[in-house]
Structure formats: structure tokens, C-alpha cells
1. Would you mind computing Rg(Cα) / (2.2 N^0.38 Å) for the protein assembly as shown, counting N as its residues?
2. Which lysines have a Cα lying under 16 Å from the Cα of B:K55, excluding residues fewer than 8 positions away in the same chain?
3. Which whole-number percent is the relative contact order of chain B (Cα, under 8 Å, 6+ apart)?
4. If each of A:Q95 and A:S9 carries a label point 7 Å out from its Cα toward its Cβ, how far apart are those two points in nm?
5. Among A:S61, B:Q60, A:P76, whose Cα projects farthest towards the positive end of the dipole of the protein assembly as shown, with charges put on the beta-carbon of Lys, Arg (+1) and Asp, Glu (-1)?
6. With labels modelled as points extended 7 Å from the Cα through the Cβ direction, what inter-label distance (nm, one decimal) is found for A:T56 paired with B:I12?
7. In chain A, which longest range has no GluC sites (Glu not before Pro) that are both DSSP loop (not H, G, I, E or B) and surrounded by at most 11 other Cβ atoms within 10 Å?
8. Counting alpha carbon pairs within less than 8 Å and at least 6 residues apart, what relative contact order, in whole percent, applies to segment B:1-51?
Amino acid sequence: DAKTTQPPSMDCAEGRAANLPCNHSTISGNEYVYWYRQIHSQGPQYIIHGLKNNETNEMASLIITEDRKSSTLILPHATLRDTAVYYCIVSTGNQFYFGTGTSLTVIP
Amino acid sequence: GAVVSQHPSWVICKSGTSVKIECRSLDFQATTMFWYRQFPKQSLMLMATSNEGSKATYEQGVEKDKFLINHASLTLSTLTVTSAHPEDSSFYICSARSPQVSRGTEAFFGQGTRLTVV
């Protein structure tokens, strides 16, 4: 079962940073925080994952709180193509259980 | 990232017939693959975990005799929906774990298969 809580929807202006929060207060020590996104009628796309430290790649940054009970995905300069449902998942890397995600709409 | 491909992308079948969906990892060997189902406006629901050379592990509530999974090679897993009924119409998605990541393990997803049973 999903162990994460995310807001159901968010809007972001094009060109601005999109900050998507996720709560995972029951995360275990060996579980990573993963972020995926799903554009309508496509398979989920991997964005980023991390264990304790903040992570950055070409798509996004992941900020994990020190107690690991929450995290934030940051899309630094949102574009219209970033409109999607974003899923935060905690997993050891075996099964991935999806929660309801956050539907992000980037507004022109 | 690694590439996972599903075939077909969409299929329409008659009620009572069986449909096979293929999932291939194109550029890596996947010892474990996963099958999901997604109904409209809902999240992905994990159906089963498929391990190469062994029986699949099904999630609670998923009928193993209805959703047959075969993972005969390190690059191919198949899901067969047997005796399909209209309520089986859904978006079926597979994923595979890449063994190449040293920290945690990423899972890469196929593009999905839209099944419509008429």
C-alpha cells in the first residue's frame, strides 16, 4: 500500500519553479523516496530518487527533510510539457505502490 | 534511462476471448518485472511481480487464473488476460527494474496497453 500523502492538485505559472510536497512519515530506514510523473495515457516516467541527501539531475531537484518524513520535488523552470500527475513513492526498490499523486497544471 | 516496450499499445477484443500483452526490456536484462492496471482517473494498481524463471507473485485480490503472467527470459514478460470481460477494460502497464543503478533501484515503465473488451 502507498505510504505517501500528496496534495491532489497544484497550479504553477510557466517559467516559475514548481514545488511539489510529499509526506511519508512512516518511511523505513531502507526505503528510498522516488518521484515519477505520468502524462495522460502514457506510462510513468522516472524523475529522481534519493535516500537521505538532496539530489539533483537534469530534470529536477529532490529535497528530503532531515527526519526523512517529507520531501519536495522541485521543477526549477516549469514548462507546459511538465503538466502531468506526479507520484511520490517510498520503496526499497522492489515493489512500487502508487498513491493518488498530485496533478500539476502549468499555466501559460 | 532504460527502455521498456509494451506491445500492443492498444487492443480491442470480444468478450470471452483471451488477450496477450508483451513487455520487453530493450537495453538491459530484467530479473524482475511488474504489472499494473489503471482505471480512468485512478492511480496505478500493482497486480503482480514477475520473476524470471519462477512463478509470479500476485497482489491480494488479483485473480492469478485470470491474469496469467509468464517471465520466460530476462527481457520478456507476458500478461494474458483470459476470458476477458468488459470490466477488464483498462490501461495495463508493465515496469522493469534496471540492475545498473548502484543506489536504490529505478524502475522503468512501458508506454502502457489500452485494453477494450466489447
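Here, each number is a calculation from the coordinates, and none is a lab measurement. Values in this document were obtained by computation on a predicted structure and should not be read as measured data. Every residue, glycine as well, gets a Cβ built from its backbone with ideal geometry; the counts of neighbours run over all protein chains shown.
1. Normalised by 2.2 N^0.38 Å, the Cα Rg of the protein assembly as shown equals 1.02.
2. Partners within reach: B:K64, B:K66.
3. Relative contact order comes out at 37 percent.
4. Going from the A:Q95 label point to the A:S9 one covers 3.1 nm.
5. After comparing all options, I get B:Q60.
6. Distance between label points: 5.0 nm.
7. Longest run free of exposed loop sites: A:1-57.
8. 31 percent
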